[in-house]
């Protein structure tokens, strides 16, 4: 491609950049709506799931890392340890996972199932 002026070349580059970065090309309204729902308040957990999902219980033998992080006191590292320690025969087996203390089990227990 040949350009007759530097201005035409810069316009072409801006146009290409706008096509390859859709969030920037969509403007501020799209950027605001692109934020995850938990960005407005507290992080999304099993306790504050919206609507019908409020009674949701996480299956500790089948849940993926992100689903396990919905549990209270479970971050990315503890979620990985839970996955590595599977299969669990009872909910109390979670106490064998490093990072889950007895004090946390009273908060976790109502939100898990096998």
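Taken over segment 72-99, the criterion of being within 16 Å of residue 114 (Cα to Cα), assigned to a loop (DSSP other than H, G, I, E, B) and in contact with a helix residue (DSSP H, G or I) (Cβ under 8 Å, 6 or more places away or on another chain) is satisfied by 85, 88, 97. Counting only residues that are touching a helix residue (DSSP H, G or I) at 6+ places or on another chain (Cβ under 7 Å), closer than 17 Å to residue 94 by Cβ and either at pLDDT below 85 or surrounded by fewer than 16 Cβ atoms within 10 Å (Cβ to Cβ) (or both), segment 44-71 holds 3 of them.
The values are calculated or read from the model by the stated rules, or taken from the named source; none is laboratory data. Since the model is a prediction, treat every value here as computed from it, not as a measurement. Using ideal geometry, Cβ is built from the backbone for each residue, glycine included, and neighbour counts are taken over all protein chains shown.
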